[in-house]
Structure formats: C-alpha cells, structure tokens
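Asks: Okay, here's the structure, questions in a sec.
Every read-out reported here was derived from the displayed coordinates using simple, explicitly stated rules and does not represent laboratory data. Quantities reported herein were computed from a predicted structural model and do not represent experimental measurements. Virtual Cβ from ideal backbone geometry, glycine too; neighbours counted across all protein chains shown.
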Amino acid sequence: MNLRRQIAIVRAWLPLLVASVVLATGAAYAVSSQLPKAYEAKAMLIVGQLLSAVNPDYNQILVSQRLSTTYAAVATTRPTLDSVIQRLGLSVSPGQLAQQIRVDAPTDSTLLTITAQDADPSLAAAIANALAEQLIAASPAIQGRQTDLQASIDADLQATRDQIKATQATVETLVGLTNRTAEQDAQLEALDGRLATLRSTVAALLSFSSGNASNLLTVIEPAVAPTTPVSPRLLLNTL
C-alpha cells in the first residue's frame with residue numbers, strides 16, 4: 001500500500017517536475033546565450049638555453065626554474081602592465097588588465113605560460129604576445145649592454161683560441177726537433193706556460209658567458225587568436 005501511494009504521489013507531481021526541469025534548462029540556456037563571450041590566448045616562453053644547449057648544466061637549469069617564478073611575478077607588476085597598455089593603446093587600468101592575465105610558472109619547469117582573456121580573440125592574442133615581449137625586454141640577458149658584452153666575450157674567445165692554436169703549432173715544432181738548443185728549451189718552457197694561461201683564459205670567458213644563459217627569455221610558442229570562446233560554457237551551463 002505504501003509503495004502504491006508513493007507511486008501515486010510521483011505521478012501526481014510528475015508534470016510539475018518535468019516542467020521545472022524544462023523551465024530551468026531553458027532559463028540556463030537563455031541566460032548563458034546572453035553572457036558576453038570571452039576568448040583565451042596563450043604564449044609560451046622558455047627561461048634559459050636548455051633547448052639549444054648540447055650539454056645542459058644542472059645548476060643553470062635550477063637557476064632558470066627559479067627565475068621563471070620571478071618573471072611570472074614581474075609580468076603582473078604595474079610598470080609591465082602599463083607598458084602593455086601603452087603599446088596596444090588599451091583603455092583599461094593596470095588593475096583591470098591584471099584580471100585578464102594569468103601567468104603560470106611550474107616550479108619544476110623552465111617554461112613560462114602567459115594566458116590572456118578578452119572579448120576580442122585578436123586582442124587576447126595581442127595582449128599575451130605584448131606581455132611576453134615586455135618580459136623579454138626586461139630580461140638583463142638581452143638588454144643592449146648585455147648583448148654588446150656577449151659579442152665582446154665571443155670575440156675574445158675566438159682571439160684566444162687562435163692564439164692557442166698558433167702557440168700549440170710552435171710547441172709541436174719545437175718538440176719535433178731532435179737537437180734543441182738551450183734557447184729553444186727555454187722558449188718551449190715559456191710556450192707551455194703561455195698555453196696554460198691561454199686555456200685558463202678560455203675557461204674563464206666560457207664561464208662568464210654561460211652565466212647570462214640562464215637569464216635569457218625566448219618565445220617558443222607565440223599566442224594566436226582563438227576561434228572558440230572559453231566562456232560562457234553553453235552546454236555545461238544548460239546541463
């Protein structure tokens with residue numbers, strides 16, 4: 001008797017339950033359809049020269065990982081956002097722009113992902129790319145004086161290596177002599193000392209050159225205008 005009664009109650013209320021579901025579904029669909037669309041674009045950067053390094057240095061990888069979190073924090077600072085606003089001619093405040101941006105820097109990775117949202121898909125991509133370029137401009141490794149310094153280091157390295165090659169050739173010539181004079185022995189000893197000094201110079205220059213490598217920012221995937229919005233989620237909201 002109780003089961004029949006419960007079934008009767010369900011049958012009595014069934015039209016109202018169905019109507020409620022239909023009404024709620026229709027309302028969710030209608031409201032979601034009227035919500036403004038938001039598009040999301042992503043730009044990806046790498047900190048350091050891990051991809052181009054033949055033998056990556058573990059210490060540089062750790063430094064690059066730590067720097068990626070620093071760059072993520074710099075990305076949402078007022079000066080950086082102001083530069084993006086001025087560059088793109090946006091009519092928003094830095095605080096408003098910050099709400100459209102998300103910067104992710106996993107602690108176990110040297111990758112940096114910039115995500116920008118906007119009602120205009122092209123503008124979302126432009127914001128992400130402009131922010132990436134501002135971070136690169138803030139990177140000491142690519143500033144003008146650092147670029148000139150790296151060029152100078154490369155020139156010194158090449159010159160030192162040329163000197164090592166010439167000195168080594170003279171040493172091999174002297175070593176090949178069967179009857180060397182006392183003067184030639186003294187010259188050979190001096191050349192051995194010069195080789196040691198030149199090789200030490202090369203090691204120092206390489207060390208100084210690689211010190212800037214972990215601080216280098218490179219875009220590996222620029223943002224492109226998305227074709228579908230990330231919100232509102234019409235199907236999900238309706239369900």
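Asks: Based on the Cβ-Cβ distance from residue 120 to residue 23, what FRET efficiency comes out when R0 is 30 Å, to the nearest 0.05? Mind showing how you got there, number by number?
Replies: Details: r = 34 Å, r/R0 = 1.14.
My answer for the efficiency is 0.30.
Asks: Let me ask another. Between residue 166 and residue 73, what is the label-to-label distance in nm when each label sits 7 Å out along the Cα-to-Cβ direction?
Replies: The modelled label-to-label distance comes out at 5.0 nm.
Asks: Count the net charge of all other residues whose Cβ sits under 12 Å from the Cβ of residue 36, scoring Lys and Arg as +1 and Asp and Glu as -1.
Replies: Details: positive: 37; negative: 118, 120.
With Lys, Arg at +1 and Asp, Glu at -1, the net is -1.
Asks: Excluding residue 164 itself, what net charge comes from residues whose Cβ is under 13 Å from its Cβ, given Lys and Arg +1 and Asp and Glu -1? Display every interim value, and only then the final one.
Replies: Numbers: positive: 161, 165, 194, 199; negative: 156, 162, 172, 192.
Residues near residue 164 contribute 0 overall.
Asks: Explain nothing, just compute: Karplus ³J(HN,Hα) = 6.51 cos²θ - 1.76 cosθ + 1.60, θ = phi - 60°, for every residue of segment 66-81 in order, whole Hz, x for Gly and Pro.
Replies: Listing the rounded values in order: 5, 5, 4, 5, 5, 5, 4, 6, 5, 4, 9, 7, 4, x, 5, 5 Hz.
Asks: Right, next: Just subtract the alpha-carbon distance of residue 180 and residue 16 from 0.36 nm times their residue separation and send over the number in nm, one decimal. Mind dumping the intermediate values first?
Replies: Details: separation 164, 0.36 × 164 = 59.04 nm, distance 11.31 nm.
Here the segment from residue 180 to residue 16 would lengthen by 47.7 nm.
Asks: Sort the following peptides by mean Cβ neighbour count (other Cβ atoms within 10 Å, averaged over residues), highest first: 178-187, 155-164.
Replies: Numbers: 178-187: 9.8, 155-164: 14.0.
Highest-to-lowest ranking by the protection proxy: 155-164, 178-187.
Asks: Once amide H atoms are built 1.01 Å from N in the peptide plane, which residues 5 or more positions from residue 230, or in another chain, come under 5 Å H to H?
Replies: 38, 39, 40
Asks: Gain in length, residue 93 to residue 9, computed as 0.36 nm per residue apart minus the alpha-carbon separation, to one decimal in nm?
Replies: Working: separation 84, 0.36 × 84 = 30.24 nm, distance 5.82 nm.
My answer for the length gained is 24.4 nm.
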